[in-house]
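Engineer: Before anything else, here's the structure in question.
No value in this document is a laboratory result; all are computed from the given coordinates. Treat the numbers as computed from the prediction; the structure is a model and nothing was measured. Glycine gets a Cβ as well: all are built from the backbone with ideal geometry, and neighbour counts include every protein chain shown.
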Amino acid sequence: MSFAKRAVLYVARKRGKTLTLFLILLVIATAALSGIAVRDAAATAQLNVREALGGTFTLRQNMDDPSKWESREMNVGGVVAGTQQVFTGERITNDLGERIMGEVDGIKGFDASWSNAGVPQTLDGEFLELVSDGEDDLEDAFLQSYGDFGKTVPLTASTDTRFDAYFAKGYLELIEGEPVRHDSGDGVLVSERFAELNGLSVGDAFTLKQSSVYDSDELKDTDTVTEVRVQGIFREVAESTAGFSGWSASNTVYCTYDTLASVRPTHKDDGFDQITFHVDDPGDLGRIVEDVEASCNGSGDFTVSFDNGEVESVTAPLENMDRLVLWLVVGVLVCGAAVLALVLTARVRDRMHESGVLLSLGVPRGLIVGQYLVEAVLVAALAFAASVPLGSVAAQGLGDGLLEYASEQVANGGEGSGGGGSVRSDGATGMTVADSSSFGLDFEPNESLTDIQVLVDGRSAVIAFGAGLALVTAAVVCSSVPLLRRSPKEILGTMS
Amino acid sequence: MSNARSEAPIASGGASLSDEAAARILRAEAARAGTAEAVVAAAARTAEGLEEPPLIEVDDVRYSYGSKESRTKRSVLKGATAAFRRGTMYAVVGASGCGKSTLLSLLGGLDLPKQGEVRFAGEPLDAAGLAEHRRRNVSFVFQGYNLIDYLTAAENVSLATKLPPLPLLEKVGIGPDEARRNVLALSGGQQQRVAVARALASEAPVVLADEPTGNLDEVAAEGVADILRDTAHRMGKCVICVTHSPMLARKADRVFRLAKGRLIKA
């Protein structure tokens, strides 16, 4: 009778002992699989959070260096009217952004932006209606008194609206059409409310011009009328307020640099205000910023700034959870291995009599140990097979609980940090957010954390099974040491 | 015995026959005759008349427990010498602790003597290796049956052979129904018969039995003793029993008494 057949018969007939070993291995395998799955989920959650937080850094013109400025005569109507300071450093352009992206690894995309204001009109020259919350204050009334200045809206030139700060953070959402890019020509994005108010849809045309308050002898507002076409429509997902009601997010028009330069030709050579780069993993932000500074800031024409505190404060609870689960898994495996070794040692000792009988029949020791090993592997295979569905259920339950806890920690951390995904006041865009805490509550990663599926995948199962088989093999071999070391006479002596 | 002696010259008269061949013929004749007396007589003729070379023998074997430095060193074998031949059932008797089981373990290749030699077919055991000796040359029957408790009777026998187990079990009086039962469901006598069947199933020519009837009632013990004797006589095996049982000793062809560390023909 082969040792494998003996092993199968033992497993099938010694049901109590088989069940004991099965339960021990089931607990170990389930704990290991659950732990691996929860760790994977925690890692996914960390990545989601970091991606949702949108690790960014901003490159701006360095205006503080006096050596970058020079005085030039200001000529008005052929007459020198004085001097003006002109920045002489390298300007921020789309090409600069593309060059940096090409040179530095880990950058997902960028958006160069320039914000100004313009007056939207129909093709017939009539003012378009602006979205208003019906709370015109004195400042609005004051603006109205300056002719069409009260009809101005924020114009934001963008090289890629997908990476605009508000779109990237999810506060604005493109619901129709295409994003505006550097090469979008006359394409613009308008808000859903603005489009509905003026009966605009994707493909419709209207015009933009500069306010007549900037009129001079050389340049009238009528000279700046620029025809644009609605390329996409966005929706405001988050609540926002602005300094002037006309400069709200609802009235903002996203356009190309060429469009804005055509509307405000006196500033056409100024370049973009800033470039916001989005990185793949905010964890790499420090390294990426160093690379960017090394790549382009030798001239001192730019400043680079970033704030990683938000990411760290939010991901810290998840990292703690990751460590907790790791220690949990290690603890279970160590305890499990100890219990397994004890149980298997007891089994082998208990079977010394059987070993002696087999030895007396001339069965080599190796085949006796082989039988014990096959028995353990058979039971382990059954336990591991059962642990996959059980581990999935346990992992989902454990993972949900831990991720919910981590979510609370994230929310608390976000509020405490003062960041929390809020959009800070930004005069350059003309859009400010009065109540940042409202964004903190709608912080997207909080929702996505508990939505994460905690699954026992194939890789986890293979790792657990491999480790389990190694553990079982080691335990059987170690527990068989007495059998391997004792002489046949000693073993048979125990049989009398 | 006298018969055996008188017939010996007849068998050995054929000059072309070797001693071993002649012994084989005698055993075959005896088996054909079918009577226990004839079998016993044939075995006796083989053993004494033809001087068949011993199958396994101990030669001036000495064995003691405890190390040389130990104050509790105890010598159990002090120059034991004996030869054991095929087709014969031997009984080794003696007081408890006199070294009977030690002698059996030395014959079985479970240990080596401190001095002297154990030989199988004329070769020292340690020449071919003890494990090889255990695997090929000897099979054991123990007092405690030593069956594997999660196997049936038939499966226990199958541990020792690839041949069908049922005919072997039938030879020792275990029917097909009992053969398919778990051994724990059998009586003590039946279990010992299964153990004997397992020993017989092995192709090993030497059967070493340690108190094979020690746990059995009289009837069962006699049955097992008969089986062991038949094993020697019909299958030509060398059966060596260590026992306290007078009944088993009576059934044996040869009896050795182990006293003061030496084997003495009884």
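Engineer: To make sure I understand, if each residue's beta carbon is the centre and we count other beta carbons within 10 Å, what order do A:T224, A:T266 fall in, fewest to most?
Structural biologist: A:T266, A:T224
Engineer: At a 10 Å Cβ-Cβ cut-off, how would you order A:L23, A:L344, fewest neighbours first? Can you show the working numbers first?
Structural biologist: On the way: A:L23 12, A:L344 24.
Placing the least packed residue first, the sequence is A:L23, A:L344.
Engineer: So which GluC sites (Glu not before Pro) in segment B:153-262 pass both tests, a DSSP loop state and at most 16 other Cβ atoms within 10 Å of the Cβ?
Structural biologist: B:E203
Engineer: Pairs of Cα atoms under 8 Å, at least six residues apart: use those to get the relative contact order of segment A:56-307, whole percent.
Structural biologist: 32 percent
Engineer: Rank the residues A:C255, A:C478 as a footprinting-exposure proxy: fewest other Cβ atoms within 10 Å of their Cβ go first.
Structural biologist: By the 10 Å Cβ count, ascending: A:C478, A:C255.
Engineer: Could you pull out the pairs from A:K108/A:K220; A:K169/A:K268; A:K14/B:K100; A:K14/A:K489 whose alpha carbons sit more than 31 Å apart here? Intermediate results must be reported in sequence, preceding the final value.
Structural biologist: Values: A:K108/A:K220 41 Å; A:K169/A:K268 29 Å; A:K14/B:K100 36 Å; A:K14/A:K489 27 Å.
Distance filter (> 31 Å) returns A:K108/A:K220; A:K14/B:K100.
Engineer: Then there is this: About its Cα centre, how strong a charge dipole does segment A:56-307 have in debye, to the nearest 20, once Lys and Arg get +1 and Asp and Glu get -1 at the Cβ?
Structural biologist: Dipole of segment A:56-307, to the nearest 20 debye: 280 debye.
Engineer: At most 16 other Cβ atoms within 10 Å and a DSSP loop assignment: could you name the trypsin sites (Lys or Arg not before Pro) in segment B:175-263 that fit?
Structural biologist: In loop regions of segment B:175-263 (DSSP not H, G, I, E or B), the sparsely surrounded trypsin sites (Lys or Arg not before Pro) are B:R180, B:R181, B:K260.
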